[in-house]
Amino acid sequence: MAAALPKLWLKPGREKSLRRRHPWVFSGAVERVDGTPDPGASIEIVAAGGEHLGRAAYSPASQIRARVWSFEADERIDAAFFRRRLARAVESRRRLGLLEPQGACRLVFSESDGLPGLIVDRYGDYLVCQLLSAGAEAWRATLVELLEELCRPQGIYERSEGGARHKEGLPSRRGVLAGAEPPREVTVVAGDVRLIVDLANGQKTGAYLDQQRNRERVAAHARGADVLDAFSYTGGFSIACLRGGAKSATLVDSSAEALALAERETAANGVGERCRFVTANVFDELRAVRESGARFDLVVLDPPKFVHSADQVNAGSRGYKDINMLGLGLLRPGGVLATFSCSGHVDAGLFQKIVAGAAVDARRTAQILERLTQPPDHPVATEFPEADYLKGLILRVH
Ligand code: SAH
């Protein structure tokens, strides 16, 4: 028998979401907690009547007061539990054919892989981890050891940064977790594209792996096109489009570091001479291009997250509408708009309405050719719809 865990008692009637296996317990649902468990410690969640609901990681500093590890009545939260969950996540990527030696993919996607707060991205021989919850933080040594055992990487690097850590009361952390320090730039191969990734200083864990597939889908519309790649980062969409037969690409990003890497990455893919790099705010630059009279056959809009919480939906929607109006206005008749939102709070239905409104105001006629979403290494657990964040539309514009 395992030692009894401290109990978190829910208020009456607040157990419904847990019964549906949603893994979050919000602070407002908590009646009381027995004792003072450490941040990240395992606790038992019980309904007001005492019914066992799950075992969770306690996070006293966070609005999300607990994140459930397991809903099974008798499943212990120990190294063997984490080995099972990690092995299941890795096996799923193997079956998807995503584990080629030089490839890159997301190996672990937090709640969707039953490991709230843990993100692991694989770039060839290196893994990059984000430990974003008190629970993941508490198990860091175990998780790193198990990842070494299961994946045998050259090294594991940590990029635990940003707002999610702060909400959990945790400081940012960056550095080597195990094995070798990664080289300054790691080259990985996605399809026939070479990505140069700066694991230590790049955005997120170094690259936007969630767009790997969508770049190919967009590139299918690029033959002969002059492409405007707005919010380009290191140029993933431009490289795919140029290799797919585009005539030219103009990359716009506010990050000079991203564009410096984009210059090397486009050159490494043999398409550098067809690229132009513009360090600028996309909103300003697209207005300037509009005035200049320059027009394009394919415009890609892949902005950062505009909406971080439910109360930002209106302001964020205006941002999406503005950027889409600007993008639509720069297309030659018959051109293609590929437009994305990675804000989970803006669902696919709302995003389509925003783009439709932008087309009306820009006085352009648009047809949806394709709907895009996140790839299978960023799965959505059915009980956790919050994981469903990336949506895109490919439109023909007259
Ligand atoms: N399309 C990229 C990912 C884009 S991520 C890919 O496929 O890899 C969003 C990018 O927008 C980041 O590179 C960030 O530097 C940039 N960015 C954020 N706000 C911006 C702004 N107002 N103007 C220009 N670039 C911006």
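Assorted remarks:
- Residues (farther than 12 Å from residue 236 by Cα and free of Cβ contacts under 8 Å to residues at least 40 places away in the same chain) located in region 197-220: 220
- Taken over region 172-198, the residue count meeting the criterion of being touching a helix residue (DSSP H, G or I) at 6+ places or on another chain (Cβ under 7 Å) and closer than 19 Å to residue 110 by Cα is 2.
- Of all the numbered requirements in (1) open to solvent by 30 Å² or more (accessible area, probe 1.4 Å); (2) under 24 Å from residue 222 (Cα atoms); (3) part of a loop (DSSP other than H, G, I, E, B), residue 389 misses one, and that requirement is (2).
- For region 255-283, taking the residues that are touching a Lys or Arg at 6+ places or on another chain (Cβ under 9 Å) and part of a helix (DSSP H, G or I), the one that is farthest from residue 299 (Cα to Cα) is identified as 268.
- Qualifying residue in region 290-298 (condition: away from the ligand (no atom under 14 Å from the Cβ), of a type outside the set (Lys, Arg) and touching a Ser or Thr at 6+ places or on another chain (Cβ under 9 Å)): yes
- For residue 306, the criteria (1) assigned to a strand (DSSP E or B); (2) among the aromatic types (Phe, Trp, Tyr); (3) out of contact with any Asp or Glu (no Cβ under 7 Å at 6 or more places or on another chain) hold in every case but one, which is (1).
- Per the conditions (1) modelled with pLDDT of 95 or more; (2) under 30 Å from residue 66 (Cα atoms); (3) within 16 Å of the ligand (Cβ to nearest atom), the sole criterion not satisfied by residue 157 is (3).
- In region 342-362, residue nearest to residue 210 (Cα to Cα) [restricted to those that are open to solvent by less than 50 Å² (accessible area, probe 1.4 Å) and not in a helix (DSSP H, G or I)]: 342
- Within region 161-178, the set of residues being of a type in the set (Gly, Ala, Ser), at pLDDT below 95 and open to solvent by less than 40 Å² (accessible area, probe 1.4 Å) comprises just one member, 162.
- Pairing residues of region 297-309 that are open to solvent by 10 Å² or more (accessible area, probe 1.4 Å) with residues that are more than 9 Å from the ligand (Cβ to nearest atom) and not polar (S, T, N, Q), at Cβ distances under 6 Å and at least 6 apart in sequence or on separate chains, gives 297/225; 297/226; 297/332; 297/335; 306/316; 306/319.
- Among the residues of region 77-107, the ones that are surrounded by 15 or more Cβ atoms within 10 Å (Cβ to Cβ) and among the charged types (D, E, K, R) come to 4 in all.
- Residue check, residue 181 part of a helix (DSSP H, G or I), of a type in the set (Asp, Glu) and open to solvent by 10 Å² or more (accessible area, probe 1.4 Å): no
- Every residue from region 30-51 that is in a strand (DSSP E or B) and under 12 Å from residue 6 (Cα atoms): 32, 33, 42, 43, 44, 45, 46
This table checks each residue for (1) among the small types (Gly, Ala, Ser); (2) over 16 Å from residue 222 (Cα atoms).
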{"residue": "296", "(1), (2)": "no, no"}
{"residue": "303", "(1), (2)": "no, yes"}
{"residue": "333", "(1), (2)": "no, no"}
{"residue": "341", "(1), (2)": "yes, yes"}
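- Any hit, region 265-286, residues being farther than 27 Å from residue 346 by Cβ, of a type in the set (D, E, K, R), under 26 Å from the mean Cα position of the chain (by Cα) and open to solvent by 20 Å² or more (accessible area, probe 1.4 Å): no
- Contact map, region 225-243: residues that are more than 12 Å from residue 261 (Cβ to Cβ) paired with residues that are at pLDDT below 95 and charged (D, E, K, R), Cβ distance under 8 Å, separation 6+ or inter-chain. Pairs shown: 243/192.
- Summed over region 215-244, the residues that are more than 8 Å from the ligand (Cβ to nearest atom) and assigned to a helix (DSSP H, G or I) give a count of 10.
- Filter result (open to solvent by 50 Å² or more (accessible area, probe 1.4 Å) and either among the polar types (S, T, N, Q) or more than 18 Å from the chain's Cα centre (by Cα) (or both)) within region 190-215: 191, 192, 194, 201, 203
- Pairs, first in contact (Cβ under 8 Å) with a residue 60 or more places away in the chain and farther than 16 Å from residue 262 by Cα in region 277-290, second more than 8 Å from the ligand (Cβ to nearest atom) and open to solvent by 50 Å² or more (accessible area, probe 1.4 Å), C-beta under 9 Å, six or more apart: 289/295
- In region 245-259, of all residues being more than 12 Å from the ligand (Cβ to nearest atom) and farther than 13 Å from residue 230 by Cα, the one that is surrounded by the fewest Cβ atoms within 10 Å (Cβ to Cβ) corresponds to 245.
The values are calculated or read from the model by the stated rules, or taken from the named source; none is laboratory data. Just so you know, these numbers come straight off a predicted model, no measurement behind them. Please note: Cβ atoms are built from the backbone with ideal geometry, for glycine as well, and neighbour counts cover all protein chains shown. To get the accessible areas, we keep the full protein, side chains included, count just its heavy atoms, and leave off ligands, DNA and RNA. Shrake-Rupley method; radii C 1.70, N 1.55, O 1.52, S 1.80 Å.
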